[in-house]
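To start, the structure under review is shown below, and the notes come after it.
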Amino acid sequence: MSIALVPPSHRDLLADETKAFLYLATVNRDGSPQVTPVWFDTDGEHILLNSAKGRVKDRNMRRDGRVALCIADPSNPYRYLQIQGRVVEITETGADEHIDRLMFKYRGQRTYPYRAPGEVRVTYKVKIEKVDAHG
């Protein structure tokens with residue numbers, strides 16, 4: 001299991017009770033990096049991300065599944081996880097419910113209110129391949 005690579009000292013950063021942002025780095029078509037702060041949770045094995053189909057990070061992860069993630073402790077930014085991983089699944093199934101769960105985790109509201117007309121939500125499953133814990 002990939003979450004098992006995270007040391008016990010830093011697993012709290014992955015917990016639903018911790019409202020830590022994840023900084024997602026993807027690779028643009030020209031090879032340059034692209035970084036976005038995102039909400040996340042886990043399924044106990046993978047990091048789960050959510051976005052709208054067609055956004056830059058969506059296009060990048062579909063083309064090249066290699067990602068780098070940084071999760072900083074909201075109460076101490078010098079304590080963080082640096083993760084390298086790979087997107088192993090991309091699905092629209094359940095993605096609307098997933099963004100609603102993330103909305104509840106981060107904002108305490110049951111329904112994600114920012115959907116654009118015609119927007120298609122997507123969930124990305126990231127397998128952790130390497131972890132560096134700091135702080």
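The values are calculated or read from the model by the stated rules, or taken from the named source; none is laboratory data. Here the structure is a predicted model, which is why all the values come from computation and not from measurement. Here the Cβ positions follow ideal geometry from the backbone for every residue, glycine too, while neighbour counts run over all protein chains shown.
Structure values in brief
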| item | result |
| --- | --- |
| Lone unmet requirement of (1) part of a strand (DSSP E or B); (2) surrounded by 15 or more Cβ atoms within 10 Å (Cβ to Cβ); (3) touching a residue at least 24 places away in the same chain (Cβ under 8 Å) for GLN34 | (2) |
| Restricting the stretch 32-57 to residues that are more than 17 Å from ASP16 (Cα to Cα) and polar (S, T, N, Q), the residue that is farthest from the chain's Cα centre (by Cα) | SER32 |
| Output for the stretch 1-20, where each listed residue is surrounded by 15 or more Cβ atoms within 10 Å (Cβ to Cβ) and either touching a helix residue (DSSP H, G or I) at 6+ places or on another chain (Cβ under 8 Å) or in a loop (DSSP other than H, G, I, E, B) (or both) | SER2, ILE3, VAL6, ARG11, LEU14, ALA20 |
| The one condition in (1) within 17 Å of VAL122 (Cα to Cα); (2) modelled with pLDDT under 95 that MET1 fails to fulfil | (1) |
| Residue match in the stretch 77-94 (condition: under 14 Å from TRP39 (Cβ atoms) and of a type in the set (Val, Ile, Thr)) | no |
| Matching residues, the stretch 78-101, being under 18 Å from ARG11 (Cα atoms) and not polar (S, T, N, Q) | TYR78, ARG79, TYR80, LEU81, ILE83, GLY85 |
| Options ASP12, ASP16: the member that is more than 12 Å from VAL126 (Cβ to Cβ), over 15 Å from the mean Cα position of the chain (by Cα) and among the acidic types (Asp, Glu) | ASP12 |
| Residues (in contact with a Phe, Trp or Tyr (Cβ under 7 Å, 6 or more places away or on another chain) and either under 17 Å from ALA25 (Cα atoms) or among the charged types (D, E, K, R) (or both)) located in the stretch 106-135 | ARG110 |
| Residues that are aliphatic (A, V, I, L, M), surrounded by 15 or more Cβ atoms within 10 Å (Cβ to Cβ) and farther than 13 Å from LEU102 by Cα, drawn from the stretch 37-57 | ALA52 |
| Residue within the stretch 58-78 that is within 22 Å of LEU5 (Cβ to Cβ), more than 11 Å from the chain's Cα centre (by Cα), in contact (Cβ under 8 Å) with a residue 60 or more places away in the chain and surrounded by 12 or more Cβ atoms within 10 Å (Cβ to Cβ) present | yes |
